[in-house]
Amino acid sequence: MKIHEYQGKEILKRFGVPVPSGVAVLEGEDVREAAGRAWDALQRPVVVVKAQIHAGGRGKGGGVKLARSRAECQEHAAQIMGMQLVTHQTGPAGQQVRRLWIEQGCAIEHEYYAGLVLDRQTSRVTFMVSTEGGMEIEKVAEHTPEKILKEAIDPRTGFQAFQARRLAFGLGLAGEAHKAAVKTFLALARAYEATDASLFEINPLVSTQDGGVLALDAKVNFDDNALFRHKDYQELRDLAEEDPNEIEAAKWDLNYIKLDGEVGCMVNGAGLAMGTMDIIKHVGGEPANFLDVGGGANAERVEAGFHIILSDPNVKAILVNIFGGIVRCDSVAGGVIEAVKKVGLKVPVVVRLAGTNHEEAAEMLRSSGIDLIVAHDLQDAAVKVVNAARGN
(Lines give C-alpha, C1' and ligand atoms only; values in the text may rest on other atoms or scores of the structure.)
Protein backbone atom coordinates (compact mmCIF):
# COMPACT_ATOMS: atom_id res chain seq x y z
CA MET A 1 0.00 0.00 0.00
CA LYS A 2 1.30 3.44 -0.98
CA ILE A 3 0.79 6.62 1.00
CA HIS A 4 1.45 10.29 0.29
CA GLU A 5 4.69 12.10 1.04
CA TYR A 6 3.25 14.16 3.89
CA GLN A 7 1.79 11.03 5.52
CA GLY A 8 5.13 9.26 5.24
CA LYS A 9 6.93 12.20 6.79
CA GLU A 10 4.57 12.20 9.74
CA ILE A 11 5.40 8.53 10.39
CA LEU A 12 9.15 9.09 10.00
CA LYS A 13 8.97 12.02 12.40
CA ARG A 14 7.57 9.73 15.11
CA PHE A 15 10.70 7.59 14.86
CA GLY A 16 13.09 10.52 15.10
CA VAL A 17 13.80 11.16 11.42
CA PRO A 18 14.20 14.93 10.91
CA VAL A 19 11.68 16.32 8.40
CA PRO A 20 10.74 19.90 7.45
CA SER A 21 7.63 21.39 9.04
CA GLY A 22 4.65 21.62 6.73
CA VAL A 23 0.90 21.97 6.36
CA ALA A 24 -1.42 19.75 4.28
CA VAL A 25 -4.11 21.24 2.04
CA LEU A 26 -6.87 18.79 1.14
CA GLU A 27 -9.44 18.68 -1.63
CA GLY A 28 -12.58 20.57 -0.69
CA GLU A 29 -10.78 23.32 1.20
CA ASP A 30 -10.57 26.88 -0.09
CA VAL A 31 -7.12 26.48 -1.63
CA ARG A 32 -6.01 30.11 -1.50
CA GLU A 33 -7.21 30.57 2.06
CA ALA A 34 -5.59 27.33 3.22
CA ALA A 35 -2.32 28.19 1.45
CA GLY A 36 -2.34 31.59 3.12
CA ARG A 37 -2.77 29.97 6.54
CA ALA A 38 0.09 27.60 5.76
CA TRP A 39 2.38 30.51 4.89
CA ASP A 40 1.46 32.27 8.12
CA ALA A 41 2.00 29.13 10.18
CA LEU A 42 5.42 28.27 8.71
CA GLN A 43 6.80 31.81 9.04
CA ARG A 44 9.62 31.25 6.58
CA PRO A 45 10.96 33.47 3.78
CA VAL A 46 10.66 30.54 1.37
CA VAL A 47 8.18 27.66 1.28
CA VAL A 48 7.70 24.79 -1.15
CA VAL A 49 4.28 23.95 -2.59
CA LYS A 50 4.15 20.24 -3.49
CA ALA A 51 1.54 18.20 -5.33
CA GLN A 52 0.69 14.99 -3.47
CA ILE A 53 0.27 12.04 -5.84
CA HIS A 54 1.58 8.48 -5.73
CA ALA A 55 4.26 9.06 -8.37
CA GLY A 56 7.74 10.49 -8.67
CA GLY A 57 8.99 13.19 -11.01
CA ARG A 58 6.52 15.76 -9.71
CA GLY A 59 8.95 18.66 -9.99
CA LYS A 60 9.63 18.08 -13.68
CA GLY A 61 5.88 17.97 -14.32
CA GLY A 62 5.26 21.32 -12.63
CA GLY A 63 3.97 19.89 -9.37
CA VAL A 64 6.63 21.40 -7.07
CA LYS A 65 7.15 25.17 -6.84
CA LEU A 66 9.01 27.59 -4.57
CA ALA A 67 7.14 30.54 -3.10
CA ARG A 68 8.82 33.63 -1.62
CA SER A 69 5.69 35.50 -0.56
CA ARG A 70 2.24 34.79 0.80
CA ALA A 71 0.62 35.78 -2.49
CA GLU A 72 3.00 33.58 -4.50
CA CYS A 73 2.27 30.64 -2.20
CA GLN A 74 -1.46 31.10 -2.77
CA GLU A 75 -0.98 31.43 -6.53
CA HIS A 76 1.11 28.25 -6.81
CA ALA A 77 -1.32 26.31 -4.65
CA ALA A 78 -4.28 27.37 -6.82
CA GLN A 79 -2.39 26.38 -9.98
CA ILE A 80 -1.30 22.95 -8.74
CA MET A 81 -4.48 21.84 -6.97
CA GLY A 82 -6.72 20.06 -9.46
CA MET A 83 -4.14 19.92 -12.26
CA GLN A 84 -3.63 16.72 -14.23
CA LEU A 85 -0.01 16.09 -13.33
CA VAL A 86 1.93 14.03 -15.88
CA THR A 87 5.24 12.45 -14.84
CA HIS A 88 7.36 9.57 -16.08
CA GLN A 89 5.60 7.33 -13.52
CA THR A 90 1.97 8.34 -14.19
CA GLY A 91 1.94 7.64 -17.92
CA PRO A 92 0.51 10.05 -20.49
CA ALA A 93 -2.90 10.24 -18.78
CA GLY A 94 -1.37 11.74 -15.63
CA GLN A 95 -2.93 11.91 -12.20
CA GLN A 96 -5.23 14.59 -10.82
CA VAL A 97 -3.83 16.48 -7.84
CA ARG A 98 -6.25 16.41 -4.90
CA ARG A 99 -3.86 17.19 -2.05
CA LEU A 100 -0.99 19.61 -1.46
CA TRP A 101 1.84 19.75 1.02
CA ILE A 102 3.27 23.19 1.80
CA GLU A 103 6.51 22.97 3.75
CA GLN A 104 9.30 25.21 4.94
CA GLY A 105 12.26 25.87 2.67
CA CYS A 106 15.75 25.08 3.92
CA ALA A 107 19.35 26.04 3.12
CA ILE A 108 20.57 22.95 1.25
CA GLU A 109 24.27 22.11 1.34
CA HIS A 110 24.09 18.85 -0.65
CA GLU A 111 21.47 16.33 -1.82
CA TYR A 112 21.77 12.59 -1.19
CA TYR A 113 19.66 9.47 -1.68
CA ALA A 114 18.71 7.01 1.10
CA GLY A 115 16.44 4.01 0.83
CA LEU A 116 15.54 0.64 2.34
CA VAL A 117 14.11 -2.23 0.32
CA LEU A 118 14.06 -6.02 0.40
CA ASP A 119 16.82 -7.39 -1.84
CA ARG A 120 15.35 -10.62 -3.21
CA GLN A 121 18.76 -11.86 -4.34
CA THR A 122 20.16 -11.85 -0.79
CA SER A 123 16.77 -12.27 0.98
CA ARG A 124 17.70 -9.38 3.25
CA VAL A 125 16.56 -5.83 3.72
CA THR A 126 19.22 -3.58 2.20
CA PHE A 127 20.02 -0.01 3.17
CA MET A 128 21.17 2.00 0.15
CA VAL A 129 22.64 5.50 -0.08
CA SER A 130 24.08 7.57 -2.88
CA THR A 131 25.66 10.97 -3.39
CA GLU A 132 23.37 11.40 -6.42
CA GLY A 133 20.37 12.74 -4.52
CA GLY A 134 17.50 14.20 -6.51
CA MET A 135 18.24 11.85 -9.44
CA GLU A 136 16.15 8.83 -10.37
CA ILE A 137 17.86 5.98 -8.54
CA GLU A 138 17.11 3.62 -11.46
CA LYS A 139 19.22 5.80 -13.78
CA VAL A 140 22.02 5.98 -11.22
CA ALA A 141 21.98 2.17 -10.94
CA GLU A 142 22.10 1.85 -14.73
CA HIS A 143 24.77 4.41 -15.56
CA THR A 144 26.89 4.82 -12.40
CA PRO A 145 26.19 1.83 -10.12
CA GLU A 146 29.44 2.45 -8.22
CA LYS A 147 27.79 5.53 -6.71
CA ILE A 148 25.27 3.40 -4.81
CA LEU A 149 26.51 2.09 -1.46
CA LYS A 150 24.70 -0.83 0.16
CA GLU A 151 24.52 -2.43 3.59
CA ALA A 152 22.62 -5.71 3.96
CA ILE A 153 20.81 -5.97 7.30
CA ASP A 154 21.18 -9.21 9.23
CA PRO A 155 17.71 -10.07 10.61
CA ARG A 156 19.30 -11.55 13.73
CA THR A 157 21.04 -8.35 14.80
CA GLY A 158 19.23 -5.60 12.90
CA PHE A 159 20.83 -2.51 11.41
CA GLN A 160 23.99 -1.72 13.36
CA ALA A 161 25.59 1.62 14.23
CA PHE A 162 28.84 0.69 12.48
CA GLN A 163 26.84 0.16 9.26
CA ALA A 164 25.24 3.60 9.62
CA ARG A 165 28.68 5.15 10.16
CA ARG A 166 30.09 3.33 7.14
CA LEU A 167 27.28 4.66 4.93
CA ALA A 168 27.74 8.20 6.26
CA PHE A 169 31.50 8.05 5.63
CA GLY A 170 30.77 6.70 2.15
CA LEU A 171 28.75 9.83 1.42
CA GLY A 172 31.72 11.97 2.42
CA LEU A 173 29.99 13.43 5.46
CA ALA A 174 32.04 14.73 8.37
CA GLY A 175 31.56 16.50 11.68
CA GLU A 176 28.03 17.36 12.76
CA ALA A 177 26.55 16.30 9.43
CA HIS A 178 28.09 12.83 9.85
CA LYS A 179 26.65 12.47 13.36
CA ALA A 180 23.24 13.64 12.18
CA ALA A 181 23.27 11.22 9.24
CA VAL A 182 24.17 8.25 11.46
CA LYS A 183 21.33 9.09 13.83
CA THR A 184 18.94 9.51 10.90
CA PHE A 185 19.95 6.22 9.25
CA LEU A 186 19.40 4.30 12.50
CA ALA A 187 15.98 5.94 12.90
CA LEU A 188 15.04 5.07 9.30
CA ALA A 189 15.94 1.43 9.85
CA ARG A 190 13.87 1.30 13.06
CA ALA A 191 10.91 2.85 11.28
CA TYR A 192 11.16 0.45 8.34
CA GLU A 193 11.10 -2.62 10.57
CA ALA A 194 8.45 -1.33 13.00
CA THR A 195 5.99 -0.35 10.27
CA ASP A 196 6.35 -3.54 8.17
CA ALA A 197 7.26 -1.38 5.19
CA SER A 198 8.20 -2.75 1.79
CA LEU A 199 9.97 0.41 0.64
CA PHE A 200 11.42 3.57 2.16
CA GLU A 201 12.89 6.09 -0.27
CA ILE A 202 14.21 9.48 0.82
CA ASN A 203 15.14 11.36 -2.33
CA PRO A 204 16.58 13.74 -1.59
CA LEU A 205 17.97 13.48 1.91
CA VAL A 206 19.82 16.79 2.32
CA SER A 207 22.58 18.13 4.46
CA THR A 208 21.97 21.72 5.57
CA GLN A 209 24.31 24.62 6.07
CA ASP A 210 23.94 24.38 9.86
CA GLY A 211 25.30 20.80 9.89
CA GLY A 212 21.99 18.94 10.07
CA VAL A 213 20.21 16.54 7.72
CA LEU A 214 16.58 16.55 6.60
CA ALA A 215 14.35 14.11 4.75
CA LEU A 216 13.13 16.46 2.03
CA ASP A 217 10.97 13.78 0.44
CA ALA A 218 9.48 10.50 1.64
CA LYS A 219 8.20 7.59 -0.38
CA VAL A 220 6.74 4.96 1.94
CA ASN A 221 5.10 1.71 0.83
CA PHE A 222 3.70 -0.87 3.26
CA ASP A 223 3.58 -4.63 2.91
CA ASP A 224 -0.11 -5.39 2.26
CA ASN A 225 0.23 -8.75 4.00
CA ALA A 226 1.16 -7.05 7.28
CA LEU A 227 -1.49 -4.34 7.32
CA PHE A 228 -3.64 -6.34 9.74
CA ARG A 229 -1.05 -5.33 12.36
CA HIS A 230 -1.37 -1.63 11.50
CA LYS A 231 -5.02 -0.63 11.44
CA ASP A 232 -4.08 3.05 11.74
CA TYR A 233 -1.99 2.89 8.55
CA GLN A 234 -4.87 1.38 6.60
CA GLU A 235 -6.74 4.65 7.15
CA LEU A 236 -4.03 6.46 5.17
CA ARG A 237 -4.98 4.70 1.95
CA ASP A 238 -6.09 7.11 -0.80
CA LEU A 239 -8.42 5.22 -3.15
CA ALA A 240 -8.50 8.18 -5.55
CA GLU A 241 -4.86 7.39 -6.39
CA GLU A 242 -5.61 3.79 -7.35
CA ASP A 243 -7.07 2.22 -10.47
CA PRO A 244 -10.83 1.57 -9.88
CA ASN A 245 -10.51 -1.90 -11.41
CA GLU A 246 -7.67 -2.79 -9.04
CA ILE A 247 -9.86 -1.71 -6.13
CA GLU A 248 -12.75 -3.83 -7.42
CA ALA A 249 -10.42 -6.79 -7.95
CA ALA A 250 -9.22 -6.57 -4.35
CA LYS A 251 -12.81 -6.95 -3.14
CA TRP A 252 -12.88 -10.39 -4.81
CA ASP A 253 -9.33 -11.26 -3.70
CA LEU A 254 -8.14 -11.02 -7.31
CA ASN A 255 -4.72 -9.68 -8.25
CA TYR A 256 -5.20 -7.29 -11.17
CA ILE A 257 -2.85 -4.84 -12.89
CA LYS A 258 -3.90 -2.97 -16.01
CA LEU A 259 -1.52 -2.94 -18.98
CA ASP A 260 -1.67 -1.33 -22.42
CA GLY A 261 -2.38 -4.27 -24.74
CA GLU A 262 -5.44 -5.76 -26.41
CA VAL A 263 -5.50 -9.34 -25.04
CA GLY A 264 -7.25 -9.75 -21.69
CA CYS A 265 -5.79 -12.47 -19.45
CA MET A 266 -7.49 -14.51 -16.73
CA VAL A 267 -5.11 -17.00 -15.12
CA ASN A 268 -4.75 -18.86 -11.83
CA GLY A 269 -1.33 -18.44 -10.25
CA ALA A 270 1.11 -15.54 -10.56
CA GLY A 271 3.82 -17.62 -12.25
CA LEU A 272 1.42 -18.98 -14.87
CA ALA A 273 0.05 -15.46 -15.39
CA MET A 274 3.55 -14.15 -16.11
CA GLY A 275 4.21 -17.04 -18.48
CA THR A 276 0.89 -16.39 -20.23
CA MET A 277 1.76 -12.75 -20.82
CA ASP A 278 5.20 -13.75 -22.10
CA ILE A 279 3.85 -16.17 -24.69
CA ILE A 280 1.22 -13.67 -25.85
CA LYS A 281 4.04 -11.23 -26.56
CA HIS A 282 6.11 -14.02 -28.13
CA VAL A 283 3.43 -14.67 -30.78
CA GLY A 284 3.02 -10.98 -31.55
CA GLY A 285 0.26 -9.81 -29.18
CA GLU A 286 0.20 -7.48 -26.19
CA PRO A 287 -1.41 -8.40 -22.85
CA ALA A 288 -4.03 -5.96 -21.59
CA ASN A 289 -3.68 -6.95 -17.96
CA PHE A 290 -2.29 -9.23 -15.30
CA LEU A 291 -5.16 -11.04 -13.56
CA ASP A 292 -4.56 -13.87 -11.11
CA VAL A 293 -7.82 -15.43 -9.89
CA GLY A 294 -5.97 -17.67 -7.44
CA GLY A 295 -6.58 -21.31 -6.64
CA GLY A 296 -10.34 -21.10 -6.14
CA ALA A 297 -11.52 -20.11 -9.62
CA ASN A 298 -15.25 -20.44 -8.89
CA ALA A 299 -18.07 -18.93 -10.94
CA GLU A 300 -18.37 -15.76 -8.85
CA ARG A 301 -14.67 -14.91 -9.05
CA VAL A 302 -14.50 -15.74 -12.75
CA GLU A 303 -17.55 -13.53 -13.38
CA ALA A 304 -15.93 -10.68 -11.45
CA GLY A 305 -12.77 -11.19 -13.48
CA PHE A 306 -14.69 -10.95 -16.76
CA HIS A 307 -16.38 -7.73 -15.65
CA ILE A 308 -13.04 -6.17 -14.72
CA ILE A 309 -11.31 -7.22 -17.95
CA LEU A 310 -14.21 -6.08 -20.14
CA SER A 311 -14.26 -2.65 -18.50
CA ASP A 312 -11.08 -1.93 -20.49
CA PRO A 313 -12.18 -0.71 -23.94
CA ASN A 314 -8.82 -1.76 -25.42
CA VAL A 315 -9.54 -5.47 -24.86
CA LYS A 316 -10.30 -7.21 -28.16
CA ALA A 317 -10.11 -10.83 -26.96
CA ILE A 318 -9.74 -12.75 -23.68
CA LEU A 319 -7.58 -15.75 -22.83
CA VAL A 320 -8.68 -17.88 -19.87
CA ASN A 321 -5.69 -20.05 -18.91
CA ILE A 322 -6.31 -22.30 -15.91
CA PHE A 323 -4.25 -25.13 -14.45
CA GLY A 324 -6.44 -27.53 -12.52
CA GLY A 325 -4.39 -28.50 -9.51
CA ILE A 326 -6.11 -27.26 -6.36
CA VAL A 327 -9.41 -27.15 -8.22
CA ARG A 328 -10.49 -29.64 -10.95
CA CYS A 329 -10.70 -28.42 -14.54
CA ASP A 330 -14.33 -29.52 -14.95
CA SER A 331 -15.27 -27.35 -11.95
CA VAL A 332 -13.47 -24.42 -13.53
CA ALA A 333 -15.15 -25.07 -16.88
CA GLY A 334 -18.54 -24.99 -15.17
CA GLY A 335 -17.62 -21.68 -13.56
CA VAL A 336 -16.48 -20.22 -16.89
CA ILE A 337 -19.69 -21.30 -18.64
CA GLU A 338 -21.90 -19.91 -15.89
CA ALA A 339 -19.95 -16.64 -15.75
CA VAL A 340 -19.97 -16.11 -19.52
CA LYS A 341 -23.75 -16.68 -19.64
CA LYS A 342 -24.23 -13.96 -17.02
CA VAL A 343 -21.75 -11.50 -18.45
CA GLY A 344 -22.51 -12.04 -22.13
CA LEU A 345 -19.82 -12.45 -24.76
CA LYS A 346 -18.66 -9.07 -26.06
CA VAL A 347 -15.31 -10.23 -27.42
CA PRO A 348 -13.87 -13.64 -28.44
CA VAL A 349 -12.90 -15.85 -25.50
CA VAL A 350 -10.20 -18.52 -25.78
CA VAL A 351 -10.06 -21.12 -22.99
CA ARG A 352 -7.13 -23.41 -22.21
CA LEU A 353 -7.50 -25.81 -19.30
CA ALA A 354 -4.79 -28.24 -18.18
CA GLY A 355 -4.60 -30.61 -15.23
CA THR A 356 -7.14 -32.82 -13.46
CA ASN A 357 -10.16 -33.70 -15.67
CA HIS A 358 -9.06 -31.37 -18.46
CA GLU A 359 -10.54 -33.59 -21.17
CA GLU A 360 -13.96 -33.60 -19.49
CA ALA A 361 -13.66 -29.83 -19.10
CA ALA A 362 -12.89 -29.33 -22.79
CA GLU A 363 -15.97 -31.36 -23.75
CA MET A 364 -18.13 -29.30 -21.37
CA LEU A 365 -16.93 -26.11 -23.07
CA ARG A 366 -17.56 -27.47 -26.59
CA SER A 367 -21.08 -28.64 -25.76
CA SER A 368 -22.05 -25.57 -23.73
CA GLY A 369 -23.78 -23.83 -26.62
CA ILE A 370 -21.55 -20.79 -26.04
CA ASP A 371 -19.17 -19.56 -28.70
CA LEU A 372 -15.99 -20.34 -26.80
CA ILE A 373 -12.69 -21.15 -28.52
CA VAL A 374 -11.06 -24.19 -26.90
CA ALA A 375 -7.25 -24.43 -27.11
CA HIS A 376 -5.18 -27.61 -26.84
CA ASP A 377 -2.08 -26.14 -25.21
CA LEU A 378 -0.59 -22.79 -24.22
CA GLN A 379 1.05 -22.13 -27.59
CA ASP A 380 -2.20 -22.92 -29.39
CA ALA A 381 -4.12 -20.69 -26.97
CA ALA A 382 -1.78 -17.74 -27.49
CA VAL A 383 -1.93 -17.97 -31.27
CA LYS A 384 -5.73 -18.28 -31.24
CA VAL A 385 -6.32 -15.36 -28.90
CA VAL A 386 -3.94 -13.03 -30.75
CA ASN A 387 -5.59 -13.92 -34.07
CA ALA A 388 -9.02 -13.38 -32.51
CA ALA A 389 -7.95 -9.97 -31.20
CA ARG A 390 -6.90 -9.03 -34.72
CA GLY A 391 -10.24 -10.20 -36.14
CA ASN A 392 -8.71 -13.21 -37.94
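For the criterion of being aromatic (Phe, Trp, Tyr), in a loop (DSSP other than H, G, I, E, B), closer than 24 Å to PHE222 by Cβ and modelled with pLDDT of 95 or more, PHE159 passes. Looking across region 337-354, not a single residue is modelled with pLDDT under 85 and in contact with a strand residue (DSSP E or B) (Cβ under 6 Å, 6 or more places away or on another chain). The set of residues in region 337-353 that are surrounded by fewer than 19 Cβ atoms within 10 Å (Cβ to Cβ) and among the hydrophobic types (A, V, I, L, M, F, W, C) comprises VAL343, LEU345, VAL347.
The criterion of at least 1 residues that are assigned by TED's automatic domain parsing to the domain that holds VAL349 is met, among helices (runs of 4 or more DSSP H) falling completely within region 229-328, by 244-251, 270-282, 299-310.
Looking across region 47-70, the residues that are in contact (Cβ under 8 Å) with a residue 60 or more places away in the chain and either surrounded by 18 or more Cβ atoms within 10 Å (Cβ to Cβ) or on the phi < 0 side of the Ramachandran plot (or both) come down to ILE53, HIS54, GLY56. The test for being closer than 17 Å to ALA35 by Cβ and in contact (Cβ under 8 Å) with a residue 40 or more places away in the chain holds for GLY105.
Inspect all residues belonging to region 16-31 and state whether any of them is surrounded by fewer than 16 Cβ atoms within 10 Å (Cβ to Cβ), part of a helix (DSSP H, G or I) and outside the structural domain of ILE137 (by TED's automatic domain parsing). No: zero hits.
In region 32-85, what count of residues is obtained for those that are in contact with a helix residue (DSSP H, G or I) (Cβ under 6 Å, 6 or more places away or on another chain), in a helix (DSSP H, G or I) and among the small types (Gly, Ala, Ser)? Result for region 32-85: 4. Which ones in region 274-307 are surrounded by fewer than 24 Cβ atoms within 10 Å (Cβ to Cβ), of a type in the set (A, V, I, L, M) and in contact with a Leu (Cβ under 7 Å, 6 or more places away or on another chain)? Answer for region 274-307, where residues must be surrounded by fewer than 24 Cβ atoms within 10 Å (Cβ to Cβ), of a type in the set (A, V, I, L, M) and in contact with a Leu (Cβ under 7 Å, 6 or more places away or on another chain): ILE279, ALA304.
The values are calculated or read from the model by the stated rules, or taken from the named source; none is laboratory data. Quick caveat, the model's predicted, so the values are computed rather than measured. Cβ sites come from the backbone with ideal geometry, for glycine too, and all protein chains shown count toward neighbours.
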